[in-house]
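What follows is one structure encoded as C-alpha cells, with my remarks underneath.
Any read-out appearing in this document is the output of simple, stated calculations on the displayed coordinates, not a laboratory observation. As the structure is a prediction and not an experimental result, all values here were calculated from the model. Don't worry about glycine lacking a Cβ; one is built from the backbone with ideal geometry, like all the others, and counts go over all protein chains shown.
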C-alpha cells in the first residue's frame, strides 16, 4: 500500500519521479490523506488503475477549539 499527502498536481524531477512510479507499480493500492489528495491523484497515471481509500486528517474538536480572544487580538 502506498500512502500520500500530495495534494498538488505536479511532476517530480528525477530521481523522484522514477521512485514514485516504481513504488506505484509495486503497490496493491494507495491511501489519500484527504479529499484534495484524492482529487489531485485519482486520474494520474499509476494511480487511476489502483484501488484507493481516503483517510481524512483528523482534529479532536473536543480538545482543539477556536479561541475567540486570540482571534479578536486580545
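The spread of Cα positions in the chain, taken along each principal axis and listed from longest to shortest, comes to 52, 25, 17 Å.
With 0.36 nm allotted per residue and the present C-alpha distance subtracted, the residue 43-residue 26 stretch has 4.3 nm of extension available.
Neighbour counting of Cβ atoms within 10 Å sorts the residues 41, 8, fewest neighbours leading, into 8, 41. Relative contact order, percent, of the chain when contacts are C-alpha pairs under 8 Å separated by at least 6 residues? Relative contact order, the chain: 33 percent.
Between residue 71 and residue 6, what is the FRET efficiency for a Förster distance of 30 Å, r being their Cβ-Cβ separation, to the nearest 0.05? Computed FRET efficiency for residue 71 and residue 6: 0.45. With 0.36 nm allotted per residue and the present C-alpha distance subtracted, the residue 19-residue 61 stretch has 11.4 nm of extension available.
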